[in-house]
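What follows is one structure encoded as structure tokens, with my remarks underneath.
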Amino acid sequence: MQHWKIKKDNNDIVWLCLDKAETKANVLSAEVLNEFNEILESMTKEPPVGLVIWSGKNKSFIMGADIKEFTSINSPERAYELTRLGQKLLDKLEFLPCPTVAVINGICLGGGFELAMACDYRIALNSNKKIIGLPEVKLGLHPGFGGTVRAIQIGGVRAGMQLMLSGNPIQPNKALSLGFIDKISTDDDWRIDTVNLLITKPPKKKAPLIDRLLSLKPFRGLVRNMLLKQVQSKVRSDHYPAPYAMIDLWVNEGASITTGYVEEAKSFGNLMCSDTARNLIRVFFLQTRLKGQGNKKDSNINHVHVVGAGVMGGDIAAWCALRGHTVTLQDRKQEYIDPAMQRAAKLFSKRIRNNEERQSASDRLQPDVEGMGAAKADLVIEAIYENLEAKQSLYQDLQAKMKPNALLATNTSSLQLEDLRAVLNEPQRFIGLHFFNPVAMLPLVEVIRCDDTEQSVLDLGFAFTKRIGKLPLECNSSPGFVVNRILAPYMYEAMQLADEGIALENIDEAAVEFGMPMGPVELADSVGLDVALHVSKVLGKALGRPITSTLQTMVDDGLLGRKSGQGYYRWENGKAIKQTLTTDASPSDIKDRLILTMVNEAVACLHEGVVNDADLLDAGVIFGTGFAPFLGGPLNYAKERGTTAIVTRLKELARVHGERFEPHSGWSDL
């Protein structure tokens with residue numbers, strides 16, 4: 001065996017260790033499954049007293065299926081065939097004539113948890129991390145190795161469907177309370193606890209009585225309505241069919257062990273070959289590429305000093321403290337820092353359950369009006385307002401205080417680095433680290449360079465970004481970089497449509513219908529119209545899109561959006577008050593006007609080398625703007641729709657609405 005290690009102890013218990021060769025984590029590849037099948041065949045003929053499945057990887061059980069192998073599946077029939085083979089393999093495990101235990105010693109996701117559920121018992125090593133889950137829905141799929149049946153048979157429809165529909169992993173203690181595991185053990189005791197389970201053979205976990213009643217056919221319709229309401233509030237069925245398919249499976253089959261597996265395999269096969277799954281799997285690999293940028297060494301950045309305690313600076317500081325850094329936060333007066341500290345306390349309370357760990361995070365974040373932390377910091381992040389002279393003056397002061405080899409970075413959203421760094425003694429050691437609002441929610445950080453930026457400095461930026469759990473996107477210094485540059489024409493067009501009298505709700509609905517997480521008008525109000533105005537002034541000049549007079553007037557009148565209670569929309573309790581859609585009054589080209597102007601700008605970014613790789617550009621736009629992940633990014637969308645068709649459509653829009661829609665010369669590159 002190449003991937004499995006078999007050891008039988010004196011009690012005739014087989015300890016079966018999965019340690020996939022030449023990898024850091026276990027995945028259920030074809031080779032792994034074929035070897036596992038051989039092992040189970042032999043045990044079926046000569047069963048031991050008990051079987052224990054555990055992992056030879058540190059803090060990792062099984063990450064799931066080998067997603068690389070998904071890309072070679074080219075038909076629903078082939079997907080069904082492979083899925084049924086996997087199901088039958090886990091059936092062999094479930095029906096072995098001896099008790100079985102899965103020892104979950106770390107990350108246990110997807111097919112890994114499906115394998116664990118096929119065992120009689122599950123022990124998890126104690127952890128405060130969310131390591132157990134069924135995340136297939138995030139790939140446009142649902143469990144395919146019997147998970148849609150076993151999760152409900154073991155945990156019940158309420159817990160089982162929540163685990164699958166959300167795709168979010170849970171901690172072992174929650175898995176225990178929901179019935180998905182039988183015991184939480186420790187590094188020292190798990191072998192003893194495992195043997196005790198095998199010897200005592202307690203009744204196997206099954207769903208609570210109320211869930212078994214809810215799975216009866218007369219009650220499924222009621223539960224279905226509740227599940228649909230939950231899903232419909234988050235995703236559309238035409239964009240993301242997998243959660244709806246899961247609900248249909250349960251409603252039709254009731255997690256039946258007789259018919260549920262075959263129907264699961266049919267459904268999985270159809271989803272596997274859908275455009276949504278193909279593109280979400282593509283996004284998964286793009287995310288991996290973003291994480292792989294730079295060298296592998298640690299950032300060696302421990303102390304971070306942030307200058308500017310506004311929403312962005314304060315939230316960057318809080319996030320860095322949450323992720324383990326010592327952070328000092330500077331602003332002109334304590335009264336400017338206090339709101340940031342209050343927001344940080346809310347973040348720590350929401351993200352950290354352990355009181356001691358929460359207090360440690362709070363202790364790591366210190367207000368620093370005098371700016372004393374700049375002299376101790378390994379990284380200084382400037383996050384003051386967008387003014388060239390103010391930033392340059394600050395840099396002159398900082399470089400006199402900073403220790404040798406400390407890194408200076410800016411969070412500027414629109415100013416070019418070449419201009420900002422003109423006052424620095426070592427301009428080649430200056431980079432941009434552009435976060436997005438809200439910092440705690442959006443995963444992307446643009447790591448911005450100039451032509452002569454030192455590679456070692458850029459690598460530090462990559463390593464730091466990954467260490468705080470964000471995705472780095474390398475960009476060359478350019479107006480608006482990538483995300484803001486691509487968003488700018490989209491937002492501009494929305495405001496043009498509003499000035500033309502198109503109902504705000506219709507503009508936003510067109511974008512949401514396409515797949516954007518929020519409409520552009522609501523987004524402008526959420527960011528703040530004063531912020532939108534400032535960015536429009538900076539980028540509008542560079543991109544040839546002057547600000548609209550309406551936006552200037554609204555800001556002059558104090559109508560700033562959500563934060564003032566009135567912008568394009570009226571806001572109450574943090575929500576925009578919208579009117580009923582008036583679809584009959586909407587022109588048919590709203591969607592193309594909004595989306596194709598973004599796609600055209602993405603082509604321009606690639607052509608100009610702001611990002612040199614089309615796939616990474618797609619990844620940046622997805623993770624920075626929320627651009628419909630199920631479409632795989634703007635450039636992938638362009639290729640799937642057809643570049644010739646889009647260029648023709650842009651020319652049509654240019655004839656009707658003006659030269660801003662003229663196709664960029666970079667389209668020929670695609």
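A short reminder: the numbers here are calculations on the coordinates, not readings from a lab. Remember, it's a predicted structure, so these values are computed and weren't measured experimentally. Here the Cβ is made from the backbone with ideal geometry for all residues, glycine too, and neighbour counts use every protein chain on show.
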- Note on the structure: Quick calc, D363 & N34: beta-carbon distance into FRET formula, R0 45 Å, rounding 0.05, result 0.30
- Message: Using a 10 angstrom Cβ neighbour count of at most 11 plus a DSSP loop assignment to flag exposed GluC sites (Glu not before Pro), which longest range of the chain is free of such sites?
- Response: 23-369
- Message: Is the C-alpha gyration tensor of the range 44-115 telling us rounded, prolate or oblate? Criteria: a/c under 1.5 is rounded; beyond that, a/b larger than b/c is prolate, otherwise oblate.
- Response: oblate
- Note on the structure: Quick shape check on the range 441-512: root eigenvalues a ≥ b ≥ c of the Cα gyration tensor, a/c under 1.5 is rounded, otherwise prolate if a/b tops b/c, else oblate, and it reads oblate
- Task: Just rank I104, I381, I39, fewest to most, by other beta-carbon atoms within 10 angstrom.
- Result: I39, I381, I104
- Angle in degrees between helix 643-657 and the longest Cα principal axis of the chain, rounded to the nearest 10: 40 degrees
- Note on the structure: Checked the range 74-144 against the a/c 1.5 cut and the a/b vs b/c comparison, axes a ≥ b ≥ c from its Cα gyration tensor; verdict oblate
- Task: Quick one: check the C-alpha center-to-center distance for the range 282-335 versus the range 401-460, whole angstrom.
- Result: 12 Å
- Of all DSSP beta bridges having both residues in the range 303-477, the percent classed as antiparallel (nearest 5) is 10 percent
- The exposure ranking of K183, K8, fewest beta-carbon neighbours within 10 Å first, is K8, K183
- Task: Please find the FRET efficiency linking E94 to L209, where r is the Cβ-Cβ separation and R0 is fixed at 25 Å, and quote it to the nearest 0.05.
- Result: 0.65
- Taking Cα atoms only, helix 147-166 is inclined relative to the longest principal axis of the chain by an angle, in degrees rounded to 10, of 0 degrees
- Could you compute the FRET efficiency for I67 and N437, with r as their C-beta to C-beta distance and R0 at 35 Å, rounded to 0.05? 0.65
- Message: Quick check: the angle from helix 30-45's long axis to the longest principal axis of the chain, C-alpha only, nearest 10 degrees?
- Response: 20 degrees
- Query: Gain in length, N58 to H239, computed as 0.36 nm per residue apart minus the alpha-carbon separation, to one decimal in nm?
  - Reply: 61.4 nm
- Message: Given points 7 Å out from each Cα along the Cα-Cβ axis, report the R570 to R191 separation in nanometres with one decimal.
- Response: 7.1 nm
- Note on the structure: For the range 1-85, the charge dipole (Cβ of Lys, Arg +1; Cβ of Asp, Glu -1; about the Cα centre) points to a positive end, and the Cα of A30, T71, S55 closest to that extreme belongs to S55
- Note on the structure: Once amide hydrogens are built 1.01 Å from N within the peptide plane, the residues lying 5 or more places from C475 or on another chain with amide H under 5 Å from its amide H are V447, I448, R449
- Query: List the chymotrypsin sites (Phe, Trp or Tyr not before Pro) in the range 374-483 that DSSP assigns to loop (not H, G, I, E or B) and whose Cβ has at most 14 other Cβ atoms within 10 Å. Which are they?
  - Reply: Y385
- Can you list the equivalent-ellipsoid semi-axes of the range 484-669, largest first and in whole Å, using the square root of 5 times each Cα gyration tensor eigenvalue? 27, 18, 16
- Taking the simple approach of a point 7 Å from Cα along Cα-to-Cβ for both S75 and A645, what is their distance in nm? 2.5 nm
- Query: What ranking of H607, H534 emerges when the number of other C-beta atoms within 10 Å of each C-beta is taken as an exposure proxy, fewest first?
  - Reply: H607, H534
- Consider the candidate values (i) 24.2, 72; (ii) 23.1, 70; (iii) 27.3, 83; state which one is Rg and Dmax of the Cα atoms in Å computed from the structure displayed. (iii)
- Task: May I ask what percent, to the nearest 5, of DSSP beta bridges between residues of the chain are antiparallel?
- Result: 25 percent
